[in-house]
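What follows is a single structure, written as structure tokens, with notes after it.
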Amino acid sequence: MKMSELAKIEEESRMVKQKILNHRKSSLVRYQELAVGQKGLIPLLKYEILTTPFIIGMPSLLGYYLRNRFAKFLFGEIGSNCVFGNYINVSSPHKIKLGNNVLISDNCKLDVKGGIKTDLIIGDNVLIGKNTVLRSRFGGSLKIGNNVGIGDNCIIAARDTSVKLGDNVLVSAYCYIMGGRFHNFERNDIPIAAQPLLPGKGVVIEDNVWLGGGVKVLDGITIGRDSIVGAGAVVTKDIPEFCIAVGVPAKVVKKRR
């Protein structure tokens, strides 16, 4: 990579960190940037009211009714017949779009921060398990197709790049899918955290893919349609369509046709 490109990436990273850690801004302003994602008193008040524990933490049928009733005032777009569990945490909800029949279980986090193009789009008939984190940051785009099932305790993140899950994808519990920039580590005279971020390539998981429990998918990976990745595998290279891959690193062991 050319030095000019590295310098540009490093400068972008520095500016993002400065924006987050800007001590000249009040705690209220920094909170609003990180949580609400919009300026002004009205967006702040609306966010605070709609995310009060009385609404997001209310148990039983009454809680489900209240969350479903007020969700249309919180998210950018929302379809019909969506169900929300207890204590769902959201940031920049105006950048989140939900399709029809979306079920988000307890303690999930929908985390969108920074960048005009940053978004989180969830299709129709999607089930998201407990404690799962869906994260899109600093220009990232996370798109989940239709008829997708995501298990408990998963993390799916897009940072400065795109992560796309196609239709009919199954993501088992404890999976980790990360698309985005990562730190350069060539120098050892300064901390890794102080070294420039290298550009990400994104992740594409095509239609009808099944990821077993605990699978990890790294940046720059494409998993072809109708493929299966065995439990505990770490995907470091592309997997062609109609394949079964297992191991660390994941290797194709069988064709499905």
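The values are calculated or read from the model by the stated rules, or taken from the named source; none is laboratory data. Predicted model, so just to flag it, every value in this text is computed and none were measured. Counting neighbours? That spans all protein chains shown, and the Cβs are built from the backbone with ideal geometry, glycine included.
Against the definition (at pLDDT below 95, crowded, with 17+ Cβ neighbours inside 10 Å and either farther than 14 Å from Leu110 by Cβ or polar (S, T, N, Q) (or both)), how does Arg137 come out, yes or no? Criteria not met by Arg137. Restricting attention to segment 208-224, the residues being charged (D, E, K, R) and either in a strand (DSSP E or B) or surrounded by fewer than 18 Cβ atoms within 10 Å (Cβ to Cβ) (or both) number 1.
Within segment 227-243, how many residues are surrounded by 16 or more Cβ atoms within 10 Å (Cβ to Cβ) and either touching a residue at least 24 places away in the same chain (Cβ under 8 Å) or part of a strand (DSSP E or B) (or both)? Residues in segment 227-243 being surrounded by 16 or more Cβ atoms within 10 Å (Cβ to Cβ) and either touching a residue at least 24 places away in the same chain (Cβ under 8 Å) or part of a strand (DSSP E or B) (or both): 7 in total. With respect to the stated conditions, Val112 is at pLDDT 90 or above and either under 30 Å from Phe185 (Cα atoms) or loosely packed, with under 12 Cβ neighbours inside 10 Å (or both).
With respect to the conditions (1) touching a His at 6+ places or on another chain (Cβ under 8 Å); (2) crowded, with 17+ Cβ neighbours inside 10 Å, Ala193 lacks only one, and its number is (2).
Scan segment 37-58 and tell me whether some residue there is within 19 Å of the chain's Cα centre (by Cα) and of a type in the set (Asp, Glu). No, segment 37-58 contains no residue that is within 19 Å of the chain's Cα centre (by Cα) and of a type in the set (Asp, Glu).
Inspect segment 116-132 for any residue being over 27 Å from Gly57 (Cβ atoms), modelled with pLDDT under 95, surrounded by fewer than 20 Cβ atoms within 10 Å (Cβ to Cβ) and not basic (Lys, Arg) and give the result as yes or no. Yes, that holds for at least one residue.
Of all residues in segment 29-44, those that are in contact (Cβ under 8 Å) with a residue 60 or more places away in the chain have Cβ atoms under 7 Å from Cβ atoms of residues that are surrounded by 12 or more Cβ atoms within 10 Å (Cβ to Cβ) and β-branched (Val, Ile, Thr), 6 or more apart or on another chain, in Gly37/Val112. Taken over segment 86-108, the criterion of being touching a strand residue (DSSP E or B) at 6+ places or on another chain (Cβ under 7 Å) and within 16 Å of Gly149 (Cα to Cα) is satisfied by Leu98, Gly99, Val102, Leu103, Ile104, Ser105, Cys108.
Here segment 196-207 is the region considered, the condition is being within 16 Å of Gly180 (Cβ to Cβ) and in a loop (DSSP other than H, G, I, E, B), and the residue that is farthest from the chain's Cα centre (by Cα) is Pro196. Against the numbered list (1) without any contact (Cβ under 8 Å) to a residue 24 or more places away in the chain; (2) farther than 17 Å from Ile144 by Cα; (3) under 19 Å from the mean Cα position of the chain (by Cα), Gly212 comes up short only at (1). From the list Ile55, Ile42, the lone residue that is surrounded by fewer than 19 Cβ atoms within 10 Å (Cβ to Cβ), part of a helix (DSSP H, G or I) and touching a Lys or Arg at 6+ places or on another chain (Cβ under 8 Å) is Ile55. Identification of strands (runs of 3 or more DSSP E) wholly contained in segment 79-192 with 3 or more residues that are of a type outside the set (Gly, Ala, Ser) yields 96-98, 109-113, 119-122, 133-137, 141-144, 155-159, 162-165, 176-180. Screening Tyr64, Tyr174 for residues that are surrounded by 19 or more Cβ atoms within 10 Å (Cβ to Cβ) and aromatic (Phe, Trp, Tyr) leaves exactly one candidate, Tyr174.
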